[in-house]
Each structure stands twice: as C-alpha cells, then as structure tokens.
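The values are calculated or read from the model by the stated rules, or taken from the named source; none is laboratory data. Please read these numbers as outputs of a predicted model, since none were measured by experiment. Cβ placement follows ideal geometry from the backbone for every residue including glycine, while neighbour counts extend to all protein chains displayed.
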Amino acid sequence: MTDWLRHWNAKRKAAYPAWFLAALLIAGVVLLPVALVLLHLMDPEGPAWAGLRDTVLADYVTNTVTVGLGGFALSLVFGISSAWLVSVYRFPLSRFFGHALYLPLAIPTYIVAYAYSDVFGYGGPFEAVQGLFMAPDSIWRPDIKNPFALTVLYALVLFPYVFIPCKMVFGSRLGSYYEAAMSLGMKPARVFFSVMLPLARPAAVGGGFLVLMEILNDFGGAKYFGVTTLTTGIFGAWFSKGDLGTAVRFAAMLVFGVLLLIWLERKMRGRAAYTEKNTGTPITPTRLVGAARWLAFGWCALLFFFGFALVAGRLLFQTIWVRDKFPWAKLADSTWNSFAMAGLGAMLIVTLALLMAYNGRLHHSRATLWIERTSSIGYVLPGAVIAVGVLALSTGLDAMLRASGWQAALLTGSLGILMLAYVSRFFAVGLKQLEPAFEKIPRSRDEAGLALGKSPGFILTRLHLPLMPRHLIAVGILVFIDLLKELPLTLILRPFNYHTLATQTFAFADNEMLRLAAVPALCIVLCGMLPLLLSSALLSKK
Amino acid sequence: MKFSLPLISKFSLLAILWASCASPAREAEKEQVVNLYSHRHYESDQRLYDLFTQQTGIKVNVVEASADEVVKRLEAEGANSPADLIITADVGRLTRAKDSGLLQPFASTVADGIVNPELADPDKMWYPITVRARVIAYSKERVKPESITRFEDLADPRWAKKVLARSSSNVYNQSLVASVLAHLGQEDGEKWVNGMVANFAREPKGNDRDQVKDIAAGVGDLALVNTYYMGLLANSDDPAEREAYEKVGIIFPNQTDRGAHINISGVGLTKHAPNKDNATKLLEFLLSPEAQIVLVQENYEYPVNGKVNDLGPFLMGLGEFVPDTYPLSKFGSYMNEATDLCNRAGWQ
C-alpha cells in the first residue's frame with residue numbers, strides 16, 4: 001500500500017472523504033491541462049533541441065536567472081522596506097503610501113516595459129525635460145532595453161506582492177516583540193534585522209515567489225526588450241518551430257528551477273515558523289524627525305512614482321493625445337468583458353481555493369500537502385503553455401461529446417473553457433493567499449464545532465467564514481487583478497469576436513500603435529486601481 | 001454528509017453555466033457566417049468585414065491572436081474547428097499551416113485571375129491579400145544612399161557597429177533570412193548573417209519603429225524595416241515619430257539583381273472549413289479593388305490587385321521598385337534553417 005493511502009487510512013476515523021475527494025477533484029481539474037503538456041516530456045527529444053541547447057540555451061538560462069532572482073531580490077527590498085516604514089513610522093504622507101503602494105500591481109508587466117521605453121526613448125518626456133536646459137546634442141538617452149533595467153521594472157510593479165503581506169505582519173499585534181526589543185536597548189535597525197525581519201520572512205518570501213512566477217511568465221516585456229529567457233524560448237521552440245518536445249523541456253526546467261528554490265527556502269528556514277499571536281497590541285507608530293523623516297518619505301515617493309504614477313501618467317497623457325483617433329465603440333464592450341470574466345474567475349478561484357485550504361485543515365496528511373503543492377504548478381508555466389494544454393483537453397472532450405451524439409462544437413472556443421484555463425493558471429494565487437488566513441483561526445474552533453456534532457461544511461461557513469470576510473475579499477481582489485491583466489490564455493482560447501482590455505492592448509501594441517494601446521492599457525490600470533484601494537482599506541482595518 | 005455550498009460558489013456555478021452557453025459562434029449557426037482566425041488586427045480590416053457583411057449578408061466572426069497561436073489552435077481543434085480561414089501577416093506561417101496539413105485548396109477562378117502566381121500557393125491553398133517590402137532604412141545625415149545597394153552590403157565590415165535590427169524571433173526577419181538562404185545557398189547565407197550580426201550597433205531589440213527612432217537618435221545608421229511601418233511613422237500623430245521618419249531614407253535593395261525581398265499578408269482556407277463558399281466569397285472580396293484600396297491607403301501595404309493604381313501619397317512617394325520574384329511558396333522550406341542560423345550567429 002502506498003504511503004499516503006496508509007496515512008489516509010490511519011486517519012480515517014477523523015477523515016471526511018467527501019472533502020478529500022473534492023480537493024482531489026479540484027486538483028485534478030487544475031492540473032489536467034498542465035499534465036497534458038508535461039506528459040510530452042516522455043516524447044523523444046525534438047529536432048530543435050540539440051541546436052538550441054548548443055547555441056542559445058545558456059543565454060536563456062542566464063537571462064532567466066538574472067531577471068528572475070534579481071526581480072525576486074529587488075522586490076523583497078522594495079516591499080519589506082516600504083512596508084516597514086509605513087507600518088512603524090509616521091512621516092509626510094505615510095498613511096497615503098500605506099494604501100498607494102498597492103497600486104503598482106494594477107500595471108501589467110508588458111505595459112510597464114512599453115511605457116518606460118516610451119518615456120526614455122526617442123522624443124519621449126525624459127528627452128523633453130533635458131531639452132529644457134541642455135543643448136540638443138548633449139541629450140542623454142539611456143538604453144533601457146536590457147536585462148537589468150527589465151529586472152528593475154519588474155520589481156517596481158510587482159513588489160506589492162511583498163509589500164502587502166509584510167504590511168499585514170508589521171501591522172499585526174507585534175507590539176510586545178517590538179517594545180521588548182526596544183526596551184532591551186537595541187537600535188531600531190537591529191530590531192528590524194534581528195527581530196522583525198525573521199517574523200516577516202514567511203510572508204515576504206511567499207510574496208517574493210509570486211513575484212518570481214509573474215516574472216517567469218512575462219513574455220511581452222521580455223520580447224520587446226530583446227531579452228531571451230526560457231519563456232521566450234518556449235514560444236520560439238513550440239510556436240515558431242513547432243517542436244513541442246523541446247518546448248516542454250524548457251518548461252520543465254522552469255518548473256524544476258522554481259521547485260528547487262522553494263525547497264531551498266524551506267531548508268534554510270528550517271523549523272522556524274511564525275504563528276501570529278492573537279493577543280497583544282499593534283506597534284505604535286513613531287513620528288520620524290529630521291532627515292529620517294524626509295528619507296522615509298523620499299523612498300516611498302520614489303517607489304510610488306516609478307512603480308505607478310509615471311506609467312499611469314504617461315498612459316493618461318497618451319490617451320488624451322489620441323482621444324479623437326481612438327475607436328471608442330469597442331472599449332465599453334472590452335471593459336465589461338474584462339470585468340465580468342475577471343470578477344467571475346476571482347469568485348470561482350477563491351471558492352475552490354477555500355474548499356482546498358479547508359480540506360488541508362481537516363486532513364493533516366502528506367497526501368493533502370502534495371495535492372496543495374502540485375496544484376500550484378500551473379502558476380509557474382507560461383500562460384500560452386497552459387492554453388495549449390487546455391485546448392488539448394477541450395478538443396478531447398468535444399470529440400467524446402461528438403462521439404456520443406452531440407452536434408455542435410461545445411467547449412472549444414467557449415467562455416467556460418477560458419474560465420477553466422483561468423482557474424488552472426491562477427488557482428495558486430488564491431490558495432497561497434488564503435492559507436495564512438486559515439492559520440490565524442484557532443483550531444479550538446474546529447474542535448468545539450466537531451465535538452458538538454457539526455459538519456465540516458457548517459464549521460467552514462458558520463464558524464470560519466464570518467472571521468475572515470475582509471481577507472476573503474482581499475484575496476479575491478488580488479486574483480481579480482491578475483485576471484484583469486491576463487493576456488495569453490484569453491488571446492488563444494477566446495470565442496469569436498470577443499475582446500478584453502488586455503487583448504485590445506495587445507492588438508494595438510502588436511501593430512506598433514503604442515499610443516492607441518495606451519487607452520485600453522489605462523482602462524486596465526483604472527479597473528485595477530479601485531479594487532486595490534478597497535482591498536488596502538479592508539486589510540488595514542484593525 | 002451535509003455539504004452546504006457557500007452562496008458565493010452557487011453564484012460561481014451559475015456563472016460557469018452561463019459562460020459555457022454564451023458562445024457567439026453557436027448562436028450564429030442559423031445565419032450565414034464565415035469564421036476567421038487572424039493575425040491581422042487593424043481597424044481597417046474590421047471596416048472591410050463590416051462592408052462585406054453589408055454586401056452579402058454573411059457575418060464575419062473573428063478571433064485575433066499571433067499567427068503561431070492561431071495555427072496551434074487550428075491544429076488542436078482538428079476536424080472540429082469552426083475556423084474557415086486563417087489570416088497571417090507573413091508567408092512562413094501559411095506554408096507551415098499547409099505543410100502541417102491544415103489547409104485545403106480554394107476553388108476561385110476570380111482569385112486566380114487577380115493574383116500573380118509567384119505570390120500565391122501553387123496548390124491554391126493560400127492567397128496573398130497585400131504585399132510588404134522589407135527594406136533598408138538609412139540615416140540621411142550619415143549615409144550616402146548609393147553606398148549601399150544590396151542586403152549583402154549590410155555584412156560589409158565598413159558598417160561595423162552601424163546596423164540595427166530587431167530580434168530574429170520576428171517573422172519578417174526570419175522570412176528575410178530564408179529568402180537569402182534560398183538565393184545564396186547555405187554557406188554564403190551563413191556568412192552573410194554572421195557578417196551582419198558582427199556589424200550590429202547593439203543587441204537586437206524593440207520593434208520596427210524603434211529601429212528607425214534609433215537611427216534618428218544616432219544609435220546606428222542602417223536598419224531592417226518594413227515599408228508598412230514606415231508609412232505608419234510618416235503619418236504618425238506623434239511629432240517625434242514624424243521627425244524620426246524625416247531623418248531616414250529608404251533603400252529598396254538588390255534592384256539590379258534579384259529584387260527587393262517582399263512578404264505578404266495572406267489568407268489560407270482551413271481543411272475542415274464549415275463555410276467554404278462564404279470563405280471563398282470573403283477572399284474574393286478582399287482581393288477586389290474596393291477592398292484593396294482601403295488596405296493600401298490606410299495601412300500603407302502594397303495591393304495584389306493590379307487594377308489598383310492609386311497607391312496613395314506615401315507609397316507613391318517611395319517610388320516604384322523591382323520586387324524579388326522568387327516564388328514565395330518556396331521560402332517556407334528555409335524557415336527552420338533560417339532560425340537555426342540566426343541562433344548560431346547569435347542574432348537574438
């Protein structure tokens with residue numbers, strides 16, 4: 001008997017098979033498209049493999065590691081530092097930054113790449129500003145289309161993934177730790193590095209991994225910057241050369257690289273685990289004085305300006321510029337489609353993630369742990385890879401339906417299948433963000449409920465959910481933002497005549513009409529802004 | 001076991017049901033339709049489709065994505081695909097679709113009468129709708145146009161650190177390299193690519209417009225660009241782009257030997273097209289002078305219908321040129337070798 005089965009049987013008495021099966025089913029649905037692609041690892045190596053391995057693979061790996069780890073590290077620096085500042089100190093606009101630093105997340109990575117090239121490019125605003133007080137031939141035009149600049153840009157728009165959970169940790173009831181450390185005469189810097197940072201580590205690193213995976217998924221920005229990564233390599237091998245075997249090998253490298261990192265991180269963290277106390281008081285913010293006050297302000301302002309204001313401002317400027325030329329008729333439709341699909345998708349993903357996370361609470365077994373871990377793989381793979389897996393699945397199902405007498409093509413090219421792809425790809429975001437919320441709820445609640453003979457469903461809906469509505473909405477909003485920005489799945493799987501803001505942005509950008517692309521891009525940012533601010537308000541309520 | 005679903009998940013279930021029912025392609029079953037998978041996403045195309053619907057009553061349904069993705073979708077859907085036509089912006093993807101067995105022949109004497117056979121598939125599985133030339137843009141300030149007359153000149157060491165190009169993952173560059181391989185053969189083709197890569201002023205990056213802007217900014221002196229993007233630059237509503245355009249000139253290369261490399265935007269008929277007749281009608285409409293003139297004047301592409309003489313001020317301004325007459329259908333077999341070659345040469 002396999003290990004997990006024995007494990008399961010041992011716990012059978014307390015087990016709730018329906019919940020376990022539900023989790024298994026969800027994992028199956030999430031994993032199936034991924035599995036259909038990864039199965040091709042068994043294929044003999046493709047015709048392009050040897051050539052690519054000997055010529056460009058080293059570049060792919062170097063660039064992937066540079067932008068991936070660089071972006072990971074930078075966003076930790078950006079996110080932890082700013083979260084610490086706004087949580088523990090008071091300085092000009094500190095409360096504003098506490099909310100505003102959520103906003104960079106509304107900007108898709110492909111848009112930040114285009115916007116910055118425009119700002120620093122020929123005839124862009126950076127040039128115009130220099131032109132005000134410099135001779136035309138001494139104007140400096142930095143070439144920002146390189147891996148390092150790309151890394152910084154990624155970190156600038158993705159660091160809120162670290163900022164948000166860290167701010168929640170620093171803002172929670174850590175007052176006693178902080179005050180104890182301070183009363184022992186530790187310098188604030190030392191308090192931060194040796195007491196608070198270890199406390200925030202799981203949250204920060206968890207956010208950092210989301211950043212990493214978003215970076216590994218970016219295709220548009222990397223392609224435009226001429227930075228060849230494993231992701232661009234997957235596209236090259238599979239779509240341009242039609243060599244699935246080689247593409248899947250690249251994809252597998254991505255997956256194993258990320259799994260290795262996660263494993264390393266667990267090793268390094270060791271047994272140290274952070275559990276939040278439910279007693280104690282939050283840290284009382286200290287009013288900064290002198291230079292420190294302006295340094296703190298400057299740092300947050302820098303992040304806000306370069307992570308959000310500059311891009312949003314530029315998009316707004318371009319939108320005003322092309323207002324007479326832009327085909328506005330389609331925009332309302334696209335906005336509605338984006339909103340509807342992202343909204344429904346977020347609800348669905350949060351619901352499924354909730355069921356899975358709760359199952360994890362019911363069953364403390366290796367099997368459940370594995371179900372949870374593997375169901376996150378979809379997030380590591382580029383969207384287009386998932387899309388083709390979903391296509392294989394939906395066309396397979398269609399063929400079966402046809403064989404049993406159905407006439408029309410039922411699934412392929414339907415919004416339902418697109419929704420399935422969203423779930424498969426973004427399930428990890430929901431699950432990863434929900435797990436900490438569950439951990440905060442004392443186990444005694446479950447035990448009391450079970451002792452009273454209540455069903456797990458009752459405990460979840462009546463005892464747990466009322467404790468975390470704000471958190472649930474906040475997680476939903478994060479997923480919503482991700483879906484709003486989503487491009488490759490929608491592009492490949494959508495029905496006829498169906499447009500979202502992201503596909504409209506793509507169409508203009510692909511035609512090199514970047515000014516027109518700014519209009520739907522700005523709409524994405526605006527649609528993302530309000531929910532992000534709402535989630536910030538919800539999460540910072542004490 | 002009691003398993004009460006939270007309200008939110010009931011909503012979600014309803015939502016999925018709604019979503020999976022609301023496929024526009026199916027609602028349209030009764031009416032006359034033609035279904036496109038297209039890599040072209042221009043406003044002018046949409047207007048043409050609307051016009052076609054007005055004239056024929058046939059509704060045009062479109063999914064737009066990159067050509068490679070479109071072909072993948074078609075491949076996955078197989079016999080059940082609703083698509084009738086695929087539209088790409090280069091010939092390489094059409095020949096690949098054909099070689100993968102995804103296309104079938106059109107039966108249109110109208111199209112045969114209009115299109116030059118060198119531009120079309122000998123088996124009539126795809127036809128071009130427009131032509132774009134890939135040309136050399138040069139700095140008017142720093143380059144004498146007579147000093148460069150052929151693509152081969154770009155590999156000349158005298159242009160070291162002067163040549164600008166975008167990534168070789170771009171289909172226009174792949175097709176260009178394929179054409180050079182077809183004409184010069186493997187060995188000389190490889191020499192040419194190596195020589196040109198050695199002359200690159202910087203790593204390949206950006207899009208076609210960026211190459212021109214980089215000439216204007218002094219990063220390099222020569223660049224590979226499509227005529228079509230030059231038209232967009234010349235008529236841009238961004239003054240900086242028009243200024244960049246003013247600073248460059250265009251050379252149609254190889255005018256005394258094989259002619260300038262051209263590529264097409266084309267239409268292929270899918271193997272399992274459910275609306276074959278409507279698809280043929282749309283092809284014939286797109287080839288008609290009425291439609292061609294829109295593509296020419298709004299998108300700055302060259303027509304494939306010889307009856308269209310008014311090319312508009314931009315293309316007229318570029319002047320006449322001798323196009324490469326090597327059959328486009330034969331470039332396809334060089335495409336894979338072309339990308340391998342670029343990888344070997346370090347053209348990212």
Which condition number does B:Leu269 fail, the rest of (1) more than 17 Å from B:Tyr37 (Cα to Cα); (2) at pLDDT 95 or above; (3) assigned by TED's automatic domain parsing to the domain that holds B:Leu51 being met?
(1)
All positions within region B:189-233 that are of a type in the set (D, E, K, R) and either more than 11 Å from every other protein chain (Cβ to nearest Cβ) or farther than 19 Å from A:Gly121 by Cβ (or both):
B:Glu190, B:Lys191, B:Asp221
Can you spot a residue in region B:124-137 that is touching a Lys or Arg at 6+ places or on another chain (Cβ under 7 Å), surrounded by 22 or more Cβ atoms within 10 Å (Cβ to Cβ) and aromatic (Phe, Trp, Tyr)?
yes
Looking across region A:386-436 at residues that are within 10 Å of chain B (Cβ to nearest Cβ) and of a type in the set (Val, Ile, Thr), the single one that is nearest to A:Ala357 (Cα to Cα) is A:Val423
Is region B:267-281 home to any residue that is within 14 Å of chain A (Cβ to nearest Cβ), part of a helix (DSSP H, G or I), more than 24 Å from B:Gln55 (Cα to Cα) and not polar (S, T, N, Q)?
no
Could you please find all residues in region B:291-313 being free of Cβ contacts under 8 Å to residues at least 12 places away in the same chain and assigned to a helix (DSSP H, G or I)?
B:Pro313
Output the residue which, of all residues in region A:362-377 that are among the charged types (D, E, K, R) and touching a residue at least 40 places away in the same chain (Cβ under 8 Å), is nearest to A:Val423 (Cα to Cα).
A:Glu372
For region B:89-119, how many residues meet the condition of being surrounded by 14 or more Cβ atoms within 10 Å (Cβ to Cβ) and in a helix (DSSP H, G or I)?
13
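Condition test on B:Lys161, is it away from chain A (no Cβ under 12 Å), at pLDDT 90 or above and not in a helix (DSSP H, G or I)?
Details: away from chain A (no Cβ under 12 Å): yes; at pLDDT 90 or above: yes; not in a helix (DSSP H, G or I): yes.
Spelling it out, B:Lys161 is indeed away from chain A (no Cβ under 12 Å), at pLDDT 90 or above and not in a helix (DSSP H, G or I).
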Pairs please, first residue from region B:325-348 and of a type in the set (Lys, Arg), second anywhere and assigned to a helix (DSSP H, G or I), Cβ atoms under 7 Å, 6+ apart in sequence or on different chains.
B:Lys330/B:Ala182; B:Arg344/A:Thr55
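Report the residue count in region A:394-426 for those that are closer than 13 Å to A:Ala35 by Cβ and modelled with pLDDT of 90 or more.
Let us first name the residues in region A:394-426 that are closer than 13 Å to A:Ala35 by Cβ, namely A:396, A:424.
In the following step, the residues that additionally are modelled with pLDDT of 90 or more were identified as A:424.
Result for region A:394-426: 1.
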Are any of the residues in region A:97-107 in a helix (DSSP H, G or I), of a type in the set (Val, Ile, Thr), at pLDDT below 95 and farther than 30 Å from A:Thr284 by Cα?
no
Can you tell me which residue within region B:141-154, out of those that are in a loop (DSSP other than H, G, I, E, B) and out of contact with any helix residue (DSSP H, G or I) (no Cβ under 8 Å at 6 or more places or on another chain), is farthest from B:Val197 (Cα to Cα)?
B:Glu141
Being at positive phi and more than 9 Å from every other protein chain (Cβ to nearest Cβ) is the filter here, so list the residues in region B:46-92 that pass it.
B:Gly57
Selected residue (only one of B:Ala89, B:Ala76 is over 23 Å from B:Ser175 (Cα atoms), modelled with pLDDT under 95 and of a type in the set (Gly, Ala, Ser)):
B:Ala76
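Pick from region B:234-246 the residues that are within 20 Å of B:Pro145 (Cα to Cα) and at the interface with chain A (Cβ under 10 Å from one of its Cβ atoms): which of them is surrounded by the fewest Cβ atoms within 10 Å (Cβ to Cβ)? Give the derivation first.
Let us first name the residues in region B:234-246 that are within 20 Å of B:Pro145 (Cα to Cα), namely B:234, B:243-246.
Subsequent filtering for residues that are at the interface with chain A (Cβ under 10 Å from one of its Cβ atoms) retains B:243-244.
Numbers: B:Glu243: 15, B:Ala244: 26.
Across region B:234-246, the extreme among qualifying residues is B:Glu243.
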Tell me, yes or no, whether region A:73-87 has at least one residue that is in contact with a Pro (Cβ under 8 Å, 6 or more places away or on another chain), surrounded by fewer than 23 Cβ atoms within 10 Å (Cβ to Cβ) and not polar (S, T, N, Q).
no
Tally time: how many residues in region A:40-66 are more than 21 Å from A:Val227 (Cα to Cα), within 14 Å of chain B (Cβ to nearest Cβ) and not in a helix (DSSP H, G or I)?
2
